[in-house]
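The values are calculated or read from the model by the stated rules, or taken from the named source; none is laboratory data. Please read these numbers as outputs of a predicted model, since none were measured by experiment. Counting neighbours? That spans all protein chains shown, and the Cβs are built from the backbone with ideal geometry, glycine included.
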Amino acid sequence: MIIEVVEEGRRWSVLAPAKVNLFFEILGKRPDGYHEIETVVAQLNLYDQLDFERTEKPGLQLECFDERGNSASEIPTDDRNLVAKAFSFFCSECNDFNEFLGLKCKILKRIPTKSGLGGGSSDAASGLLVSKIASGANVSTDRLRRIAGLIGSDVALFLEKGGSIGRGRGELVEPLAIPVLNLVLLKPQEGLSTPDVYRRYASSAADESRKSLDDFCERVSRAFEFSQRPNGGARAAEIVAERLFNRLEQPASELWRGFRRRRELLLSTGALGVQMSGSGSAFFAVYPDETSANEAAEELRESIEGDRVYVVKTL
């Protein structure tokens, strides 16, 4: 999260990062209806931009635009929007701030929706952080994380910088050092509904052995050590790519016919590993260096129409 304060604290410009799930396991259903998960998340240098301005009008005024500057009509700007929810929860949970009336927020969406890349959750975390700054409220990090958990499962992950481990619904977060990875994102035209993917998982989940979060984190830590050595980046990428895992890939592939074609297409470009992020429908592929990632992206753009291709790095 990059926050720039301008005009002596009346305006805030935020770059809210996307994420990918390098590891995603489901432990079971919780009494509150959510699923207990374990995940390892890496933030990316692909950002939504949010411009906030202090106003005298109470509440939050919200506008949303696409990359071309057109109104993003498919994204709600009422209380269904996660930024609006963040503002609302902050105001209701933190009533000890001084002279804080309202904010105006303009969102420029660069992170594709229905992708599993966390754009909405990242925007919500931005809204929480700016609400805290603008209000001058004395809110601890733990309290902010608790509010984030009320908004959505992934929001707290974006209150950390870089890599992190998520447990519970995703709201129990701790930092994890992750090597810089060169990735290509492929966002198909089709989107996937998160509730639909989870319902499919629930209806078809077999008694498969669970993957170990601890083992994966040990592997990531070893990869990070390699990445600090001269010319160690390629080996670090291999170490992580060899054990990518997402429990939601199987139900997503059963719901969407285009799944296997996209995966095979990415693997054909020489990727070290390929995985769907979150509940999809975006895929990411890991490459040993930036040159090979750029070459793969060009190959993909020439071979497919309609899908969006990004070359990114982990933060």
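Quick look at the numbers
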| quantity | calculated |
| --- | --- |
| Matching residues, the stretch 286-315, being basic (Lys, Arg) and out of contact with any helix residue (DSSP H, G or I) (no Cβ under 9 Å at 6 or more places or on another chain) | Arg301, Arg308 |
| Qualifying residue in the stretch 3-12 (condition: farther than 30 Å from Gly136 by Cα, at pLDDT 85 or above and among the hydrophobic types (A, V, I, L, M, F, W, C)) | no |
| Test: residue in the stretch 92-111 that is among the hydroxyl-bearing types (Ser, Thr, Tyr), modelled with pLDDT under 95 and under 29 Å from Asn182 (Cα atoms) | no |
| Search result, residues across the stretch 112-145 that are at pLDDT below 95, closer than 24 Å to Leu22 by Cα and among the charged types (D, E, K, R) | Lys114, Arg145 |
| The listed residue being in contact with a strand residue (DSSP E or B) (Cβ under 6 Å, 6 or more places away or on another chain), under 22 Å from Gln43 (Cβ atoms) and surrounded by fewer than 19 Cβ atoms within 10 Å (Cβ to Cβ), out of Glu238, Glu249, Glu290, Glu242 | Glu290 |
| Which listed residue is closer than 30 Å to Arg243 by Cα and buried (at least 19 other Cβ atoms within 10 Å of the Cβ), from Gly33, Gly118 | Gly118 |
| Options Glu295, Glu299, Glu238, Glu264: the member that is touching a Leu at 6+ places or on another chain (Cβ under 6 Å) and part of a helix (DSSP H, G or I) | Glu238 |
| Lone unmet requirement of (1) in contact with a Cys (Cβ under 8 Å, 6 or more places away or on another chain); (2) surrounded by fewer than 15 Cβ atoms within 10 Å (Cβ to Cβ) for Asn81 | (2) |
| Selection status of Gly170, at positive phi and either in contact with a Ser or Thr (Cβ under 6 Å, 6 or more places away or on another chain) or of a type in the set (A, V, I, L, M, F, W, C) (or both) | yes |
| Neighbours by Cβ (under 6 Å, 6+ apart or cross-chain): first from the stretch 154-182, free of Cβ contacts under 8 Å to residues at least 24 places away in the same chain and farther than 18 Å from Ala124 by Cα; second surrounded by fewer than 23 Cβ atoms within 10 Å (Cβ to Cβ) and of a type in the set (D, E, K, R) | Pro175/Glu160 |
